[in-house]
Structures are given as structure tokens and as C-alpha cells.
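Novice: First the structure, then my questions, so here it is.
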Amino acid sequence: MFTPDTSSYSQSSEIYYQSLNEQLNALFADERDLICNAAQLSAFIMQTIDDLNWAGLYFARDNELVLGPYVGKVACTRIPFGRGVCGTAAQTLVVQRIDNVHDFSGHIACDAESASELVIPLVVEGKLVGVFDIDSPVEKRFSEQDQAGIQAMLDTFVSSCDWQWQF
Ligand code: SME
């Protein structure tokens, strides 16, 4: 059984995220299946990062995002590029770190408890393959340090999966 080590939590967020990234590397060491690793990534993030209510993937399919593996409440299944926080990240390829989702025009409320959100585009060989979406019931939950730490974990995820079928 894999038990995440959160003992460095009280240290700097840089050290904490470094530890998480090492654990994630170990978690993916013997597995390259995209769906399997996406499910593990979502669960790992929910288990190790405080104050989250949703974490998971949307895959890019033509000009919309389709729901992939996640942990959280039932969510909307398809989001056109350009709509909501996820669709904006997909269309612009720019990370969306939103302190208060209620101030984001067009935000799609899947879980009414969500107050802040971080959406990071996933790019493989120069092509958008999806986005990773994390929601929190706490306003301003995600700092620049959180963004950098989570981005590093997503880089680990991207390089640990076979993406052929996605192209
Ligand atoms: N809030 C997102 C929709 C996805 S859910 O949060 C899981 C958005 O505005 O794109």
C-alpha cells in the first residue's frame, strides 16, 4: 500500500513540493498508462495538499475538453475551449490561478463550495493534450509557490505517461 509522506509539510513549501515530486516519481516508476497515472495523480494531490475539494484532468478533444480521471464531486463532462476557467486555460495555454472564482466571468460552478481554482494546461510535444484542474473551498488558496510546485508535479506526470493514443 502506498502511504504518502507528508512529514515535511511544516517546512518550506519548496521542500514540501520537492518531497511530493520525488514520491510521485516513485509512484509512476513502474507504470506508463495515461489513464492509470492520471487517476493516481488526482488521488495523490488530494491526499497530500490541504484544503482541496476537486482535482483532476480534462482531455482536449477537437475544440473542447472532456472530463478525465479526477477525485471530487460529479463535474461537468464537456467544456468548450474559451469557456470557464478550464476552457480559458485550454484556449490561451496560460495557467489560470484564480483567487476568487466568483470574480471570474464565465466560471463554471461544478461544486458550489469551490472558492479558488488553479488550472494548468498540459502540453506534450507542443500540442495541448488537456488541462489539470484543482479547486479549493478556500479563497486565495493557491500561491505562486503552489503553482510552481504543482507545475513541477505535472511535468513529472507528463513525462511518466505514454501519450500516443492522445494524438
Ligand atoms: N470550474 C471549472 C469547471 C470544472 S470544475 O471546477 C471541476 C471552470 O470554470 O472551468
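Novice: Note down the nm distance, to one decimal, between modelled labels 7 Å out along Cα→Cβ at ASP51 and at GLU14.
Specialist: Distance between the two pseudo-spin positions: 2.2 nm.
Novice: Only Lys, Arg, Asp and Glu count, each charged at its Cβ (+1, +1, -1, -1), so figure out the dipole size of the range 7-166 about its Cα centre, rounded to 20 debye.
Specialist: On the way: 9 positive and 22 negative charges, 80 e Å.
Dipole size: approximately 380 debye.
Novice: Counting other Cβ atoms within 10 Å, which GluC sites (Glu not before Pro) in the range 1-83 have at most 13 and lie in a DSSP loop? Can you show the working numbers first?
Specialist: Working: sites: GLU14, GLU22, GLU31, GLU64; in loops: GLU31.
Passing sites in the range 1-83 are GLU31.
Novice: Give, in nm to one decimal, the length gained when the segment between THR3 and VAL66 is fully stretched (0.36 nm per residue of separation minus the Cα-Cα distance). Present the calculation step by step, with values, prior to reporting the outcome.
Specialist: Numbers: separation 63, 0.36 × 63 = 22.68 nm, distance 3.00 nm.
Value of the extension gain: 19.7 nm.
Novice: What whole-number value in Å² describes the accessible area per residue of the range 16-167 for a 1.4 Å probe?
Specialist: On the way: 6890 Å² over 152 residues.
I get 45 Å² per residue for the range 16-167.
Novice: What percent does the relative contact order of the chain come to when contacts are Cα pairs within less than 8 Å and at least six residues apart? Before the final figure, lay out the partial values.
Specialist: Working: 308 pairs, mean separation 39.6, N = 167.
With pairs under 8 Å counted, the relative contact order is 24 percent.
Novice: Continuing with this model, one more query. For the range 7-166, which whole-number percentage of the solvent-accessible area (1.4 Å probe, protein heavy atoms only) is attributable to carbon and sulfur atoms?
Specialist: Working: 3540 of 7520 Å².
On the range 7-166, the fraction of accessible area on carbon and sulfur atoms equals 47 percent.
Novice: Right, here's the next one. Taking only Cα atoms and a 10 Å spring cutoff, compute GNM fluctuations for the chain and point out the largest among SER136, SER12, SER42.
Specialist: It is SER12.
Novice: Related question: Within 12 Å, Cβ to Cβ, of LYS73, how many net charges do the neighbouring residues add up to if Lys/Arg are +1 and Asp/Glu are -1? Provide the component values of the computation, followed by the final result.
Specialist: Working: positive: none; negative: ASP111, GLU113, ASP135.
With Lys, Arg at +1 and Asp, Glu at -1, the neighbours total -3.
The values are calculated or read from the model by the stated rules, or taken from the named source; none is laboratory data. Since the structure is predicted, the reported quantities are computational estimates derived from the model, not experimental observations. Glycine gets a Cβ as well: all are built from the backbone with ideal geometry, and neighbour counts include every protein chain shown. All accessible areas refer to the heavy atoms of the entire protein, side chains included, with ligands and DNA or RNA removed. Shrake-Rupley method; radii C 1.70, N 1.55, O 1.52, S 1.80 Å.
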